[in-house]
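Visitor: Handing you a structure now.
The values are calculated or read from the model by the stated rules, or taken from the named source; none is laboratory data. As the structure is a computational prediction, the values presented were derived from the model and not from experiment. Here the Cβ is made from the backbone with ideal geometry for all residues, glycine too, and neighbour counts use every protein chain on show. Calculation scope for accessible area: heavy atoms of the full protein, side chains included, ligands and nucleic acids excluded. Shrake-Rupley method; radii C 1.70, N 1.55, O 1.52, S 1.80 Å.
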Amino acid sequence: MTRLSDVSGDTRYKQYLDQGFVALIDHMGSDQTIEFATRMSYGKGTRMVSDTKNLLRYLVRNYHTSPIEMGEVQFHLKVPIFVMRQLVRHRTANLNEYSARYSELTDEFYVPPSNRLAKQSTTNKQGSGEAFNKDVGSKIESVIEDAHSFALNSYRKLLDKGLTRELARGVMPVNGYTELVWKCDLKNFFNLLKLRLDPHAQQEIVELAELMYIAVQPHFPILTEAFEDYWLNGESLSRFEITALMQLLFSKSREDLIAAITSASKHRPDCLSKREITEFVDKFK
Ligand SMILES: Cc1cc2nc3c(=O)[nH]c(=O)nc-3n(C[C@H](O)[C@H](O)[C@H](O)COP(=O)(O)OP(=O)(O)OC[C@H]3O[C@@H](n4cnc5c(N)ncnc54)[C@H](O)[C@@H]3O)c2cc1C
């Protein structure tokens, strides 16, 4: 398995957790290639759309996602097995993982940092709650490290006895690191980011998603801006929520709504096109 020290001189590799890494090793496309795919399918119809930014924002806003699938990102990752089990649920990705049938597992295990050690949340069955104090935290850390050592010793004993690697690995815990090459088209990568950057996701996969996004963002600056505005930081509303908002906004004029959204985006004055503003107002009028 590749160790952090093996890739330390390669600027594509960023440390992830204590012993893992994230590296964007390849990507396909740019804002312009996604624009090209869109214009190709619309033909003359795109004459109305004045520039790349308006076009890409239109795609994102209207879930016209086929052109967005033309972009692809490929990563070299090293993550704890429990993170891998979450990552692998994103079925639209392609991946190839380190084979613990073919090669031996290493002595690398994720040990959560002391400020991560928290009690089970009482309100969220999948979440962490109050942090442990330092004393309890360090005892917990010892229990985790003892479990890793015991498992690793057992694994090595089984290999020494000649047991096949494919069965010996069964005694290793899910804090153990695994390594993979992972590839996904941009649309489904954005879907992953929306789900895994959410505060309800496990912190370790949030950190992974953050590093992946930081690596990809500069390659698609216009598309990712639209993604952040509409998908990442936007919300969908139920019919009752929409009705409630419409009742609240009933007495407001078109000018009031235009003033409100202009004020909301004032820190980015060129961000919203006239069309985006009109579409916003039309949702409530
Ligand atoms: C907070 C959180 C908790 C979770 N808890 C659990 C859990 O306890 N157990 C568990 O197993 N998973 C769990 N998941 C995983 C979750 O259920 C999804 O499988 C995962 O987030 C991938 O999302 P996705 O299906 O949209 O992505 P992808 O698998 O990449 O799919 C992308 C899109 O492609 C389409 N698609 C993909 N495959 C199919 C298919 N076979 N049929 C039809 N359409 C398809 C769908 O439109 C889908 O939205 C959890 C996820 C989160 C974020």
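Visitor: Kindly list, by first and then second residue, each pair from a residue in the stretch 248-262 that is of a type in the set (D, E, K, R) to a residue that is open to solvent by less than 90 Å² (accessible area, probe 1.4 Å), limited to pairs with Cβ atoms under 9 Å and residues at least 6 apart or on different chains.
Guide: Sorted first by the residue in the stretch 248-262, then by its partner, the pairs are K252/A260; K252/F284; R254/V281; D256/L249.
Residues checked against (1) more than 30 Å from G20 (Cβ to Cβ); (2) surrounded by 11 or more Cβ atoms within 10 Å (Cβ to Cβ); (3) of a type outside the set (D, E, K, R):
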site	(1), (2), (3)
V206	no, yes, yes
P221	no, yes, yes
E225	no, yes, no
A244	yes, yes, yes
F250	yes, no, yes
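Visitor: Just checking, how many residues over the stretch 170-195 are in contact with a Lys or Arg (Cβ under 6 Å, 6 or more places away or on another chain) and of a type in the set (D, E)?
Guide: Step one: of the stretch 170-195, the residues in contact with a Lys or Arg (Cβ under 6 Å, 6 or more places away or on another chain) are 177, 179.
So of that shortlist, the ones also of a type in the set (D, E) come out as 179.
The total comes to 1.
Visitor: Got a sec? Which of E141, E210 is in contact (Cβ under 8 Å) with a residue 12 or more places away in the chain, in a helix (DSSP H, G or I), within 16 Å of the ligand (Cβ to nearest atom) and surrounded by 12 or more Cβ atoms within 10 Å (Cβ to Cβ)?
Guide: Working: E141 fails: within 16 Å of the ligand (Cβ to nearest atom).
Testing whether each residue is in contact (Cβ under 8 Å) with a residue 12 or more places away in the chain, in a helix (DSSP H, G or I), within 16 Å of the ligand (Cβ to nearest atom) and surrounded by 12 or more Cβ atoms within 10 Å (Cβ to Cβ) leaves just E210.
Visitor: Here is a further query. Quick one: in the stretch 150-171, which of the residues that are outside any helix (DSSP H, G or I) and open to solvent by less than 90 Å² (accessible area, probe 1.4 Å) is nearest to A100 (Cα to Cα)?
Guide: Restricting to residues being outside any helix (DSSP H, G or I) and open to solvent by less than 90 Å² (accessible area, probe 1.4 Å), the top hit is T164.
Visitor: Next question. Which of the residues that make up the stretch 71-128 are in contact (Cβ under 8 Å) with a residue 24 or more places away in the chain, away from the ligand (no atom under 15 Å from the Cβ) and either part of a strand (DSSP E or B) or among the acidic types (D, E) (or both)?
Guide: Q74, H76, L77, K78, V79, P80, N96, E97, E104, D107, E108, F109
Visitor: Limited to the stretch 172-193, what total is found for residues that are under 20 Å from F21 (Cβ atoms) and in a helix (DSSP H, G or I)?
Guide: Residues in the stretch 172-193 being under 20 Å from F21 (Cβ atoms) and in a helix (DSSP H, G or I): 3 in total.
Visitor: Name the single residue, out of those in the stretch 263-285 being of a type in the set (S, T, N, Q) and free of Cβ contacts under 8 Å to residues at least 12 places away in the same chain, that is surrounded by the most Cβ atoms within 10 Å (Cβ to Cβ).
Guide: S265
Visitor: A259 is checked against (1) loosely packed, with under 14 Cβ neighbours inside 10 Å; (2) in a loop (DSSP other than H, G, I, E, B); (3) not acidic (D, E) and fails just one. What number does that condition carry?
Guide: Here A259 clears every test but (2).
Visitor: Right, next: Please find, among D6, D26, D51, the residue that is open to solvent by 50 Å² or more (accessible area, probe 1.4 Å) and either modelled with pLDDT under 95 or within 16 Å of the ligand (Cβ to nearest atom) (or both). Write out each step before concluding.
Guide: On the way: D6 fails: either modelled with pLDDT under 95 or within 16 Å of the ligand (Cβ to nearest atom) (or both); D26 fails: either modelled with pLDDT under 95 or within 16 Å of the ligand (Cβ to nearest atom) (or both).
The unique qualifying residue is D51.
Visitor: Report, by residue number, each residue of the stretch 129-138 that is in a strand (DSSP E or B) and either open to solvent by less than 50 Å² (accessible area, probe 1.4 Å) or of a type in the set (S, T, N, Q) (or both).
Guide: Answer for the stretch 129-138, where residues must be in a strand (DSSP E or B) and either open to solvent by less than 50 Å² (accessible area, probe 1.4 Å) or of a type in the set (S, T, N, Q) (or both): just G129.
Visitor: Then there is this: Working only within the stretch 224-252, note down all residues that are of a type in the set (D, E) and at pLDDT 95 or above.
Guide: Passing the criteria: E225, E228, D229.
Okay, residues lined up against (1) open to solvent by less than 80 Å² (accessible area, probe 1.4 Å); (2) among the aromatic types (F, W, Y); (3) at pLDDT below 95:
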position	(1), (2), (3)
Q74	yes, no, no
P80	yes, no, no
R85	no, no, no
Y102	no, yes, yes
F109	yes, yes, no
K119	no, no, yes
N124	yes, no, yes
